[in-house]
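Engineer: Here you go, one structure.
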Amino acid sequence: MARAVLLGNSGFVGRAVERCLLRASLKVHGFSSTTLDLNQPAALHRLDSLLDGDATLIVLSGLTPEKGADVETLARHLGMLLNLGQHLQERTIGHCVYVSSDAVYPLRFSPITEETGVEPANLYALAKYAGERILSHACQVSGSSLLVLRLTATYGPGDTHHSYGPNRFMQMALAERRIQIFGNGEEQRDHIYIEDVAALILRLLERGATGTFNLATGASHSFREVAELVRDIVPDAEIASVLRQGEITHRHFDVTRLFLTVPDFIFTPLDLGLRAYYQACSK
Amino acid sequence: MTVAFVGLSHLGIVSSIGWASLGEPTLALDSDANLIEDLQQGRLPIYEPGLEQLLSTSRAKIDFSCRIQDLATCDAVIISRDVPTSDANLSDLAPIQSLIAEVLPHLRPQCVLVIMSQVSPGFCRKLRDDLNASRPDLQIRVLYWVETLIFGRAVERFLHPERLIIGSDEPAANLPESLSHGFQQLGCTVLQMKYESAELTKTAINLFLAASVTYANTLADVCEVVGADWCEMIPALQLDGRIGPKAYLQPSLGFAGGNLERDLVTVQSVCRARGVDAGLLDEVLAFNYRRYHWVVLKVRQLVFGHGKRPVIGLWGLTYKKDTHSTKNSPALQFIRDFHAAADIRAWDPAVTSADVEMPITLVSQRDDVLDNADALVIMNDWTNFSTPDVPAMVQRMRRPLVIDCSGVLLSRRTELGGIEYSAMGL
């Protein structure tokens, strides 16, 4: 990998990935929506000199749900991916990495593997899956390698999404000393520490991995367990239960494919990840 | 009356020798001259318990030949070649059809043509119709004989069948004398039915068994997460009259060897072509494919993640005991997946380095895989594995951890003092 080109380097995952690649002494060119607007096709020509057979393109750009969950947001999201796909199908690059989401999977299957059928349940998930198909087509046309990473719930310092789980629990605990869970927090979810996400992306690139991988730890925890861990870390934090809105669902991952590709990778245990999260926020 | 078995694959070899052992004059025919030479000299290309002895005692009754003209003296000709399958377990019936086309010109009029190969529903009726149209002069009667061979128990299964299942176009008619005498000696019920019923019965049996395997594996996994013990539960299930003492309830890494997979894929194709819901088949096959993940994730949980390159000892390379076959063997998949990340040493009583190319060390003594190992993974159920040298395990292994994929040590787990033992359903 002579150079890495990051699209979406200002986001939660993008910043972590950029740091990781720089620590590995790789040449990194990062772009955010303010420096390269993917909704403007002409803007993509700024990448022409960077995208060749020695380049790895990492696509982290996207419009996460808190930026809108409506049709207009979907249209903008798709517009970005279509422009990128159009651009990529005209040039062969060394490796393309698309960071997608486990939102493409339905909640009714367990455990999830890469062979589990996708069933995007909302417009964000639809946009993510569409991105997979668009870039898959583009890479097929241009002869570029593609790695699709379906990311499970990611937590850690720098999160901007405040999604229900470790991120919201930690942020609420720090701000209000109060952790709110729905019902008894029975739902099981797989949470991956942000630094592990970045490290895994680097490891998979080093292995020349292609195809689709679920980026998950393989170990799910209930929201109550997570809340209790946060409570035990943040002084004076308490757990409050509020009425559950929807039915209880669970998500477990069978990470055989990931493990067999990087068998010596050690995930940060949830308690240690939360502790590091707290320490980073306390500085 | 002479019966010929044409196509000496595993099925043909066992069946022809078994038929001869009944005292019936038998011709065993194959176009492979080297194979015929070996068989004539008593050298068997396959391993089945008791087969060598059976051949020895039946030698006077069986002629091995590659002269297709010899079929002219036979009263019944049995096509006994196993149907070859692809890596995706898709049946290729072309070799069977070619074989039938080759033998036809040499059949005597009113000969009985028996299909023993694992064909799909509709094959025999079409064959009969084609024969009636192309060679009405021969008046060939076509039958389908459902084979129920089990690798490692083939001789026992042939000589002591639970029943014989024969498909024909006239299920009410008497069976031809060329076959009925031998069938009588097998001393079991003979069930005659339509071609399609017989062709589908074989698949139905295998689907039931495959579903049982899936059931056992699913429940064993549930046991592991709720703290139940599947071994305690099995007797309770077997004593239920609706389940029965012979129900297949032992958890494992799934079915392999190619036969069950072949039949499930065949009926899956029929379902898809005819608009029948294949959901059960889809899930049984998919579940079986994923079943291998049990050992991967167990190794991940218990062996990796300690910073050192692990040393793993492997017992068992064949897909099950009492066979040389490694077709679809999880052990070979394990080696392919882990040989780069771990040092693997393996032993199997039926496999040598000459049999399979592997990027690992095959040891000559069973317990040599234990030296400095971080784990012993038992991949199949050879009887030899049920009598481990526990003190040797404790002394020779760096970490006396046993991951038992076949349950061969389950009944003795209380005797494994000093061993960290992990098995399905616990």
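Engineer: At what distance in angstrom do the alpha carbon centres of region A:89-139 and region A:13-73 lie from each other?
Structural biologist: 17 Å
Engineer: Share of antiparallel DSSP beta bridges in chain B, in percent to the nearest 5?
Structural biologist: Of those bridges, close to 5 percent are antiparallel.
Engineer: Give me Rg/Rg_expected for region B:203-290, where Rg uses Cα atoms only and Rg_expected = 2.2 N^0.38 Å with N residues.
Structural biologist: Scaled against compact globular proteins, the figure is 1.18.
Engineer: Work out the mean other chain Cβ neighbour count within 10 Å for the residues of B:298-305 and drop it here as an integer.
Structural biologist: For peptide B:298-305, the averaged partner shielding equals 3.
Engineer: Which whole-angstrom value gives the distance between the alpha carbon centres of region B:221-242 and region A:155-173?
Structural biologist: Centre-to-centre (Cα) distance: 42 Å.
Engineer: Can I ask one more? Against the 2.2 N^0.38 Å scaling, with N counting residues, where does the protein assembly as shown land? I'd like the Cα-based Rg ratio to two decimal places.
Structural biologist: Normalised Rg, Cα atoms only: 1.16.
Engineer: Please list, or write none, the lysines whose alpha carbon is within less than 26 Å of the alpha carbon of residue B:321, excluding same-chain residues fewer than 8 places away.
Structural biologist: Partners found: B:202, B:246, B:298.
Engineer: What percent antiparallel are the DSSP beta bridges of the protein assembly as shown, to the nearest 5?
Structural biologist: The antiparallel fraction comes to roughly 5 percent.
Engineer: What whole number of Å gives the distance from the Cα centroid of region B:10-47 to the Cα centroid of region B:191-217?
Structural biologist: Here the answer is 28 Å between Cα centres.
Engineer: Moving on to the next point. Of all DSSP beta bridges in region B:3-193, what percent run antiparallel (nearest 5)?
Structural biologist: 10 percent
Engineer: Summing -39500 (n - 2.57) over the DSSP H runs of n ≥ 4 in chain A and dividing by its residue number, what mean residue ellipticity at 222 nm do you reach, to the nearest 500 deg cm²/dmol?
Structural biologist: -11500 deg cm²/dmol
Engineer: Here's a follow-up. To make sure I understand the rule: partners must be lysines, Cα under 24 Å from the Cα of residue A:128, and not fewer than 8 residues away in the same chain. Which ones qualify?
Structural biologist: Filter leaves A:67.
Engineer: Provide B:46, B:378 in ascending order of the number of other Cβ atoms located within 10 Å of each residue's Cβ, fewest first.
Structural biologist: B:46, B:378
Engineer: Same structure again: In terms of modelled amide H atoms, which long-range or inter-chain residues lie less than 5 Å from the amide H of residue A:238?
Structural biologist: A:178, A:179
Engineer: Taking the beta-carbon count within 10 Å as an exposure proxy, list A:119, B:357 from fewest neighbours to most.
Structural biologist: Ordered from fewest to most neighbouring Cβ atoms within 10 Å, A:119, B:357 come out as B:357, A:119.
Engineer: Something else about it: Hey, what number do you get for chain B at 222 nm if only DSSP H runs of n ≥ 4 count, each worth -39500 (n - 2.57), divided across all residues, to the nearest 500?
Structural biologist: Helix-only estimate at 222 nm: -11500 deg cm²/dmol.
The numbers here are math on the coordinates, done by the rules we state, and not lab data. These figures come from a predicted structure and were not determined experimentally. Note that we place each Cβ from the backbone using ideal geometry, even for glycine, and neighbour counts take in every protein chain shown.
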